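> Okay, here's the structure, questions in a sec.
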Amino acid sequence: MKLNVVTHNPGKVKEFQSKFSEYDVTMVHVNREYDEIQTAYLEEVVDKGIKQLYAEGLRDFVIDDSGLFINALKGFPGVYSAYGQKTVGNKGILKLMEGVEDRSAQFKCCIGCMIGEERIIVTGVCPGFILHEERGDEGFGYDPIFTPNGELSFAEMGMADKNVISHRGIATRMLIDELRKRQLI
Ligand code: ITT
């Protein structure tokens, strides 16, 4: 089957495809807008986004709202991660973290899926740490400054290894389990 991925971010589509190929699902990149409401919760953004796209007539699709939550910055950039990436970027985040001892952070990924009338929302979390410098050139977004285990950054790992432990990898596995339970894939 085909599943539309509504996003501006081709990196997300690639990560979904690598997980869904095994189930004969082809991801189709749909570069289309939906409103991302201002809220502290990724799940609310996804819930509203799904309802809007469904009301506009889109069928069989997934959307993904993700963010990097840094403990020493009280969760910033969090739900503002896309804005943080576009404005200060990784260098700006590293600057904010200069001299900060607590480097702990979490990546979160909330995926919403609508197939037929079935609506599924799942969230995956990946704990880790903010590095002191950018490392690696794979992946996208905050990957060069995040390490899940204090060793390699996500951008040094390559997609397959990242997917095993990442927030999106975890959320995608949860979604696949739900879809299989409901015999949708
Ligand atoms: P959409 O069109 O799907 O919204 P986006 O890239 O703007 O694409 P989000 O609104 O979910 O995505 O914003 C999340 C931000 O966090 C964005 O800047 C991403 O680059 C970054 N991000 C999300 N997942 C990431 C990952 O796995 N690795 C690195 N950065 C990530």
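The values are calculated or read from the model by the stated rules, or taken from the named source; none is laboratory data. Computed from a prediction, not measured in an experiment: that's the story for all the values here. Cβ: placed from backbone, ideal geometry, glycine included. Neighbour counts: every protein chain shown. These area figures cover heavy atoms from the full protein model, side chains too; ligands, DNA and RNA do not enter into them. Shrake-Rupley method; radii C 1.70, N 1.55, O 1.52, S 1.80 Å.
> Which value, in debye to the nearest 20, describes the size of the charge dipole of the chain about its Cα centre when Lys and Arg Cβ atoms bear +1, Asp and Glu Cβ atoms bear -1, and nothing else is charged?
Values: 22 positive and 28 negative charges, 52 e Å.
The dipole of the chain has a size of about 260 debye.
> Counting only DSSP beta bridges with both residues in the range 1-135, tell me the antiparallel percent, nearest 5.
Details: 23 of 30 bridges.
Looking only at bridges with both residues in the range 1-135, the antiparallel portion is about 75 percent.
> So what is the calculated 222 nm ellipticity per residue for the chain, using -39500 (n - 2.57) for each DSSP H run with n of 4 or more, over all residues, to the nearest 500 deg cm²/dmol? Each step should come with its number before you reach the end.
Values: 7 runs with 65 residues, N = 185.
So the helix-based figure for the chain works out to -10000 deg cm²/dmol.
> Quick check: with the 1.4 Å probe, what order do 138, 178, 15 take by accessible area, largest first? The partial results should precede the final answer.
Details: 138 90, 178 45, 15 5 Å².
Ranked from most to least accessible, the order is 138, 178, 15.
> Over 23 Å between C-alpha atoms is what I'm after, so list which of 14/86; 12/95; 19/181 land there.
Numbers: 14/86 21 Å; 12/95 27 Å; 19/181 17 Å.
Long pairs (Cα-Cα over 23 Å): 12/95.
> Can you sort 54, 80, 41 by 1.4 Å-probe accessible area, starting with the largest?
Working: 54 55, 80 100, 41 135 Å².
Ranked list, largest accessible area first: 41, 80, 54.
> Now for a separate question. What spacing in nm lies between the two simple spin-label points modelled at residue 38 and residue 181, each 7 Å away from Cα in the Cβ direction?
According to this spin-label approximation, the distance is 3.6 nm.
> What is the local net charge at residue 42, summed over the other residues whose Cβ is closer than 14 Å to its Cβ (Lys, Arg +1; Asp, Glu -1)? Intermediate results must be reported in sequence, preceding the final value.
Working: positive: 12, 48, 108, 168; negative: 36, 43, 44, 47, 64, 65.
The answer is -2.
> Next up: Could you give the distance between the Cα centres of the range 1-60 and the range 89-114, to the whole Å?
22 Å
> Take 76, 154, 140 and sort them by solvent-accessible surface of the protein heavy atoms, 1.4 Å probe, largest at the top.
Numbers: 76 85, 154 0, 140 55 Å².
These residues rank, largest area first, as 76, 140, 154.
> So, one more: For the range 129-185, build the charge dipole from Cβ charges (+1 Lys, Arg; -1 Asp, Glu) around the Cα centre, then report which of 154, 172, 129 sits farthest towards its positive end.
So the residue we want is 172.
> Here is a follow-up. Give, as a single signed number, the net charge of other residues whose beta carbon lies under 12 Å from the beta carbon of residue 127, with Lys and Arg counted +1 and Asp and Glu -1. Please report the intermediate quantities before stating the final value.
Values: positive: 103, 108; negative: none.
Combined, the nearby Lys, Arg, Asp and Glu give +2.
> Still on this structure, I have one more. Out of 14, 108, 162, any idea which swings most in a Gaussian network model of the chain, alpha carbons joined below 10 Å?
It is 14.
> Here is a further query. Give me the accessible area of residue 35, 1.4 Å probe, in Å² rounded to the nearest 10.
100 Å²
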